[in-house]
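Asks: Structure provided below as structure tokens; questions to follow.
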Amino acid sequence: MELNAAPDSAHHIACSPMDAAAAAQALHDAIVGLENVVITRYISAAGFVVLLYDHLLTLDDEVQYVWAAPNTTAKILFLVLRYMVPIFLTATTVTRSGLPVIPMSDIVCKIWISSTTYAGWLSIVISNLLVLLRIWTTLPRGHRFIIWSMYFFVVMQLMSLGVTTWVITNMIPVLVFEPLVGLCTFNEKPNVVGLWLPGLAFEVVVFGTVCWNVLDRPRSVGIDSQEGKITRVLARDGVLYFVVISGLRVANTVIAIVAPISSLFIIVFFIWAGTTVTTSRLIINSRREAGEREKMAQLEELVVYNAY
């Protein structure tokens, strides 16, 4: 019996270092995963705070230049974007907080993440359309670019919707609720790289349009005219819009490729907030410039009237 026991003892002794190494690696992976969860929560919360803070800073301008404006498609779309994203980010902050405020489960995670992903797609569609509408205001009526960009916009958004639906279809089977950390996660990494590629392609075209507009329009409208000032404001904010939005989309794409499962959402919600802030600033700044132009025109008419 002792002779038979010796090999077994030697076998256990030989395997124990491997078991210890595997256990140490598993513990390390668990710690890294928990750290990534905490980092994701902090970054998402930071984006949420930035969104709310900017909303409060620009609320006066929104009331003065947007709410007071006539009801148009652009106004309605802007207000939908302006208030839809904070509502979804508020709910997301609550569901990802780990607090037992809302009973979570695998089914709830599948429904909520799918709904949030579609809401993100819709916010991108609205942002892109609002930017296009602002660019169109600086072009002559009936310009061929308006028709061309309209078709391009429809094609790109339909493509983006198809990619989003495909990504959601791949995500749903692997979406689970992890009670240990109190949030929705994946039991294996889904392919979400394509979510931001159509938007990135669209922004490249928008940037090219803004650059062309900045070079062409001041010569035709006059640099010091009110219309020229609006064009310069739109160009300045348009370049900023492109740099910020494109940078955020590239960051999202890179993280989707290289990040582990625990870091997949690390900047997604921060970028959603940043995209909304950038678009809101672009629209409000251009509306403010247009409002000041209208005031100057009314003042000039009043001066001429009093002169007579």
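Asks: Ser123 passes all but one of (1) at pLDDT below 90; (2) out of contact with any strand residue (DSSP E or B) (no Cβ under 7 Å at 6 or more places or on another chain); which number fails?
Replies: Unmet condition: (1).
Asks: Sticking with this structure for a sec: Please go through the range 118-162 and pick out each residue that is more than 25 Å from Ile284 (Cβ to Cβ) and basic (Lys, Arg).
Replies: Arg144 - this is the single residue of the range 118-162 that is more than 25 Å from Ile284 (Cβ to Cβ) and basic (Lys, Arg).
Asks: Separate question: Condition check: buried (at least 16 other Cβ atoms within 10 Å of the Cβ), within 14 Å of the chain's Cα centre (by Cα) and modelled with pLDDT under 85. Does Arg287 satisfy that?
Replies: no
Asks: Return yes when Trp148 is without any contact (Cβ under 8 Å) to a residue 40 or more places away in the chain and either among the aliphatic types (A, V, I, L, M) or not in a loop (DSSP other than H, G, I, E, B) (or both) and no when it is not.
Replies: yes
Asks: So which residues in the range 159-208 are among the small types (Gly, Ala, Ser) and part of a loop (DSSP other than H, G, I, E, B)?
Replies: Across the range 159-208, the qualifying residue is only Gly182.
Asks: Follow-up. So for the range 64-77 (the condition being of a type in the set (Gly, Ala, Ser) and closer than 22 Å to Phe265 by Cβ), does at least one residue qualify?
Replies: No, the range 64-77 contains no residue that is of a type in the set (Gly, Ala, Ser) and closer than 22 Å to Phe265 by Cβ.
Asks: Which is out of contact with any Ser or Thr (no Cβ under 6 Å at 6 or more places or on another chain) and farther than 14 Å from Val205 by Cα, of Ile126, Ile146?
Replies: Ile126
Asks: Right, something else. Can you pull out every residue in the range 51-98 that is more than 30 Å from Val38 (Cα to Cα), in a helix (DSSP H, G or I) and hydroxyl-bearing (Ser, Thr, Tyr)?
Replies: Tyr65, Thr73
The values are calculated or read from the model by the stated rules, or taken from the named source; none is laboratory data. Since the structure is predicted, the reported quantities are computational estimates derived from the model, not experimental observations. Methodologically, a virtual Cβ is constructed for each residue, glycine included, from the backbone with ideal geometry; neighbour enumeration extends over all protein chains shown.
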